[in-house]
Amino acid sequence: MTNGQHQFGFDTLAIHAGQEPDPRTGAVVPPIYQTSTYAQDGVGQPRLGYEYSRSGNPTRDALQECLAAIEGGRRGMAFASGLAAEDTLLRTVCRPGDHVVIPGDAYGGTYRLFARVAQRWGLEFTPVDLADIDAVRKAITPRTKVIWAETPTNPLLGIADIATLAGVAHDNDALLVVDNTFASPYLQQPLAHGADVVVHSTTKYVGGHSDVVGGALVVGDAALGEELAYHQNAMGAINGPFDAWLTLRGIKTLGVRMERHCDNAERVAEFLLGHPAVSQVLYPGLPEHPGHDVATKQMRRFGGMISFRAAGGEAAAVDICNRAKLFVLGESLGGVESLIEHPGRMTHASAAGSPLEVPADLVRLSVGIETVDDLLADLEQALVR
Ligand SMILES: *Cc1c(COP(=O)(O)O)cnc(C)c1O
């Protein structure tokens with residue numbers, strides 16, 4: 001989206017891309033087209049191409065166009081959830097017998113999709129520490145179709161070098177998929193670093209208000225976009241018009257929200273670093289984080305997610321989660337309100353006993369955009385008995 005020669009910036013795209021005022025009424029906000037079907041002008045003559053809302057809906061189209069614009073992609077597709085987007089992607093680009101390299105600490109639900117669902121249909125996978133490029137190269141087989149990256153990872157905040165992984169993937173005729181949920185397109189645009197597909201759980205930062213579940217795929221290649229759009233319709237895991245509308249509403253403030261998430265997370269990380277009840281702080285914004293230099297290269301700032309390890313072990317980690325008050329004890333992340341959780345027993349319980357099991361003393365914070373002093377005070381009382 002441009003104004004003549006001038007290329008619009010991120011926040012302008014977030015507010016305007018796909019969202020021209022409604023031609024009929026002038027409504028500034030795209031209407032919620034809560035309809036399943038459309039009157040046709042004649043047999044086989046759908047008006048503006050809309051015939052059935054699984055195949056196309058104007059509210060979803062507005063969201064899809066906006067998603068493509070803010071990721072710097074050619075085509076965006078919106079789904080019922082992040083996992084619905086992932087499932088559609090895998091069944092579009094992989095066949096039985098194919099192989100995928102996945103992160104050694106992928107989101108628990110992504111791991112479950114590979115281990116408990118896709119594997120039964122003949123899709124093989126190997127978890128690898130993506131920061132170790134030699135290990136990634138060694139894991140590749142002649143059947144590898146996809147390198148699946150998450151950066152930063154959930155919940156260990158590991159960083160993968162997108163440009164380097166894209167090179168390795170393309171040398172082996174594979175696609176690089178990046179789950180960009182933790183960074184959001186405001187902080188990181190994987191397609192610009194060579195990735196082929198961006199995946200989002202728009203439930204998180206993109207929606208940003210903990211009021212809607214959704215997912216997205218964004219691609220730069222038109223042919224791949226066509227193929228995915230075909231499967232989006234053929235498999236049917238679309239999001240509804242109201243969910244699309246809520247997500248679009250959230251996107252308008254993504255840039256300002258992310259700046260505040262980052263401001264607050266930097267203060268929280270600093271506070272945790274100096275605290276005796278904390279043995280380690282995992283935040284890519286800290287110079288001692290092993291992925292700090294790569295993160296600096298590919299991210300605008302370092303995001304609102306922080307994990308830390310409790311010096312007192314698992315029981316202490318659980319107690320901290322239970323004592324927090326302003327930090328709401330709950331799963332999910334990326335909303336305006338701060339959340340705290342124990343990944344081992346909550347979000348990543350499905351990875352227990354697998355190579356992706358997370359440390360038992362780990363606590364994960366989704367740092368919201370409240371007044372930061374209130375967040376620090378809450379952590380202070382939760383950490384000190
Ligand atoms: C939540 C999440 C998902 C799954 O998205 P849903 O919308 O819950 O289906 C995928 N990847 C990451 C990194 C997530 O945090």
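The values are calculated or read from the model by the stated rules, or taken from the named source; none is laboratory data. Quantities reported herein were computed from a predicted structural model and do not represent experimental measurements. In this analysis, Cβ positions are derived from the backbone assuming ideal geometry, glycine residues included, and neighbour counts consider all displayed protein chains. Accessible surface is based on the protein model in full, side chains and every heavy atom, while ligands, DNA and RNA are left aside. Shrake-Rupley method; radii C 1.70, N 1.55, O 1.52, S 1.80 Å.
The table below lists the values:
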quantity: Chain lengthening between D293 and D173 when straightened (0.36 nm per residue, less Cα-Cα); calculated: 40.4 nm
quantity: Percentage relative contact order, the chain, counting C-alpha pairs under 8 Å, at least six apart; calculated: 17 percent
quantity: Value of [θ]222 nm, deg cm²/dmol, for the chain, DSSP H segments ≥ 4, -39500 (n - 2.57) each, nearest 500; calculated: -10000 deg cm²/dmol
quantity: Residue with peak Gaussian network fluctuation, the chain [Cα springs, cutoff 10 Å], from G225, G42, G330; calculated: G42
quantity: Antiparallel bridge percentage (DSSP; both residues within the chain; nearest 5); calculated: 60 percent
quantity: Integer Hz, Karplus 6.51/-1.76/1.60 couplings in order for the range 20-31, x for Gly and Pro; calculated: 5, x, 4, x, 7, 10, x, 3, 6, 9, x, x
quantity: For the range 106-246: span of alpha carbons on each principal axis (Å, largest first); calculated: 45, 32, 31
quantity: Sites matching GluC sites (Glu not before Pro) across the range 286-354 that sit in DSSP coil, with at most 16 neighbouring C-beta atoms within 10 Å; calculated: E288, E331, E337
quantity: Partners for K204 among lysines (Cα-Cα distance below 23 Å; same-chain residues under 8 apart left out); calculated: K252, K325
quantity: Karplus-derived 3J(HN,Hα), 6.51/-1.76/1.60, for each residue of the range 344-357, Hz, glycine and proline x; calculated: x, 9, 10, 4, 10, 4, 5, 9, 4, x, 9, x, 9, 4
quantity: Neighbour net charge for V358 - beta-carbon separation under 12 angstrom, K R +1, D E -1; calculated: -2
quantity: For the range 281-385, diffusion coefficient by Stokes-Einstein and Kirkwood Rh (Cα), 4 °C, 1.567 mPa s, µm²/s; calculated: 90 µm²/s
quantity: Choice from D173, D87, D105 showing the highest fluctuation, given a GNM over the chain with Cα pairs closer than 10 Å; calculated: D173
quantity: Cα-based equivalent ellipsoid, the range 232-342: semi-axes from gyration tensor eigenvalues, Å; calculated: 30, 20, 14
quantity: Choice from Y205, Y33, Y283 showing the highest fluctuation, given a GNM over the chain with Cα pairs closer than 10 Å; calculated: Y33
quantity: Exposure of D22 as accessible area (Å², to 10), given a probe of 1.4 Å and all protein chains; calculated: 20 Å²
quantity: In sequence order, calculated HN-Hα J values of the range 280-296 (Karplus, 6.51, -1.76, 1.60; Hz; x Gly/Pro); calculated: 7, 10, 10, 8, x, x, 7, x, 7, 5, x, x, 4, 5, 5, 4, 4
quantity: Accessible surface of the range 2-251, 1.4 Å probe, proportion on carbon and sulfur as whole %; calculated: 51 percent
quantity: Heavy-atom accessible area per residue - the chain, 1.4 Å, Å²; calculated: 42 Å²
quantity: For the range 19-65 versus the range 168-227, the gap between their alpha-carbon centres in whole angstrom; calculated: 25 Å
quantity: Equivalent ellipsoid semi-axes, the chain, via Cα gyration tensor eigenvalues times 5, rooted, Å; calculated: 34, 26, 19
quantity: Label point 7 Å beyond Cα of R137 along Cβ direction - residues of the range 291-329 with amide nitrogen under 12 Å; calculated: none
